[in-house]
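Heads up, the thing below is written out as structure tokens.
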Amino acid sequence: MNCLEKPVAKKQKLENGVINHVAKQESEIYIKVGSRKSQLALFQTNYVVDLLKKKQTKLSYEIIPMSTTGDKILDVALPKIGEKSLFTKELEMALEKDEVHVIVHSLKDLPTTLPPGMVIGGICKREDPRDVVIFSPDVKCTDLKYLPAGCVIGTSSLRRIAQLKKLYPHLKFDSIRGNLNTRFRKLDEDKKFSAIVLAAAGVKRLDSGHRIGQTLSCNQCMYAVGQGALAIECKITDFETINLLAKISDQDTVLCCIAERAFLRKLEGGCSVPVAVQSSIENEKLILKGGVFSLDGSQSIIEKLSIKLNQDENSIPKEHYVGIVAPHIPHHLLNNGETLGIKLADLLLEKGAYDILKEARKSIVL
Ligand code: DPM
């Protein structure tokens with residue numbers, strides 16, 4: 001393959017959020033894109049590359065698939081492995097060494113604190129962020145409430161278990177691991193699970209939408225921080241790449257995800273704590289609902305706040321907002337997103353969220 005190395009971008013400071021573009025022949029640029037190896041990850045990476053190709057026809061791309069710790073340890077329930085950057089570490093090491101220039105992730109797998117020098121340079125328009133139920137072919141059912149008592153539901157997400165236990169106390173929950181295809185196979189062949197719960201986004205991306213038996217509304221089960229959104233990580237000094245990623249970044253998704261991530265970071269939650277959110281933008285207002293749950297679902301604190309997006313135009317620009325940069329979006333909007341997330345977390349902490357999360361974390365490290 002005739003692979004031209006991408007020239008290293010000159011280090012330039014972001015001033016007032018505006019990129020100082022380093023002029024050069026675009027036709028020389030060859031972008032290496034890191035991805036996990038699963039079918040879903042590769043689909044997502046190809047999706048992002050296709051979007052980039054539409055916006056910048058002169059660039060070439062090479063996808064480099066890699067295995068991560070999370071892909072290798074398959075026999076342990078996720079929350080018990082206890083490492084935050086489970087699905088990202090190996091890819092970020094490659095980014096550090098310039099073996100790849102960007103990495104495509106599911107945003108919800110990215111910790112709220114990224115390694116030094118790395119940022120999320122782009123977030124694509126969010127897919128349906130809700131959770132869905134896939135029933136075993138043996139079970140003719142359209143709602144978890146109709147399943148007989150004692151049926152086992154497969155999910156390793158403490159967030160899902162906590163919310164669904166409260167709603168469906170007659171059901172049992174057990175861990176299921178592996179990529180989406182493996183989970184579908186376990187559901188169809190092992191006969192242990194009556195249903196599994198997954199993110200609608202992944203199921204739809206894999207063209208398995210026809211298997212969705214029930215879509216959980218946010219009143220039934222709020223989603224994970226960043227769920228349904230694809231994030232592209234790069235180096236904070238690579239302004240040309242950040243400028244390119246801005247072209248495929250969706251403003252509303254970026255603002256919602258900044259608020260969600262600021263909320264999670266302030267609660268000191270990792271990817272596997274029972275914390276859930278719902279966010280939207282209506283009439284120039286960003287609305288964030290967030291909850292923390294005890295593992296058995298018996299205790300929960302859920303609150304909702306909103307913020308006017310156009311306020312505080314003179315706030316001082318930051319280098320990044322919970323790991324996200326978006327030089328094409330006015331910085332006061334980004335700042336308001338972060339402020340909203342922090343305020344909502346503070347409200348929950350005032351109401352006792354810390355104790356609920358502390359108790360939940362104890363059970364995670366078994
Ligand atoms: C994170 C969680 C799960 C993934 C925890 C949560 C689900 C684990 C499980 C942080 N990452 O949601 O509370 O159910 O056992 C993951 C999926 C996707 C990204 C699969 C899924 C696809 C959807 C997307 C695993 N990460 O949740 O069904 O891109 O948002």
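Laboratory data are not the source of any read-out in this text; all were calculated from the coordinates shown. Here the structure is a predicted model, which is why all the values come from computation and not from measurement. Cβ sites come from the backbone with ideal geometry, for glycine too, and all protein chains shown count toward neighbours.
According to the square roots a ≥ b ≥ c of the eigenvalues of the Cα gyration tensor, what is the shape class of region 190-307, taking rounded for a/c under 1.5, prolate for a/b larger than b/c otherwise, and oblate for the remainder? Note, shape of region 190-307 comes out oblate.
Packing here is the average count of other Cβ atoms within 10 Å per residue, and on that basis the peptides 195-203, 236-244, highest first, run 195-203, 236-244.
Annotation for region 117-163: trypsin sites (Lys or Arg not before Pro) lying in DSSP loop with at most 13 further Cβ atoms inside 10 Å of their Cβ are K140. Label-to-label distance, E359 versus I64, with points set 7 angstrom from Cα along the beta-carbon direction: 4.7 nm.
Taking 22 Å as the cut-off for C-alpha to C-alpha distance, list the pairs among K97/K235; K108/K266; K285/K351; K125/K186 that go past it. Flagged as over cut-off: K285/K351; K125/K186. What number, rounded to the nearest 500 deg cm²/dmol, is the helix-based mean residue ellipticity at 222 nm of the chain, given -39500 (n - 2.57) per DSSP H run of at least four residues and division by all its residues? That comes out to -9500 deg cm²/dmol. Applying 0.36 nm per residue to the separation of C218 and H170 and subtracting their alpha-carbon distance, the gain on full extension is 15.2 nm. D by Stokes-Einstein for region 281-363, Kirkwood Rh over Cα pairs, 4 °C, 1.567 mPa s: 90 µm²/s.
Taking 0.36 nm per residue of separation and subtracting the Cα-Cα distance, full extension of the segment from H210 to K89 would add 40.2 nm.
Taking only the Cα atoms of region 323-366, the ratio Rg/Rh comes out at 1.21, with Rh defined as the Kirkwood radius. For region 134-220, the square roots of the Cα gyration tensor eigenvalues, ordered a ≥ b ≥ c, give a/c below 1.5, which places it in the rounded category. Taking a ≥ b ≥ c as the square roots of the eigenvalues of the Cα gyration tensor, region 99-161 is prolate, since a/c reaches 1.5 or more and a/b is larger than b/c. Protection proxy ranking of 53-66, 219-232, 280-293, 325-338, by the mean of other Cβ atoms within 10 Å over each peptide's residues and highest first, is 219-232, 325-338, 280-293, 53-66. Bridges between two residues of the chain, per DSSP, are antiparallel at a rate of about 70%. Note that the chain shows a convex hull volume over its alpha carbon atoms of 136 Å³ per residue. Listed by chain and number, the aspartates and glutamates whose C-alpha is less than 16 Å from the C-alpha of K55, apart from same-chain residues fewer than 8 away, are E26, E240, D250. Applying a DSSP loop filter and a limit of 15 other Cβ atoms within 10 Å to the trypsin sites (Lys or Arg not before Pro) in region 169-240 leaves K191, K192.
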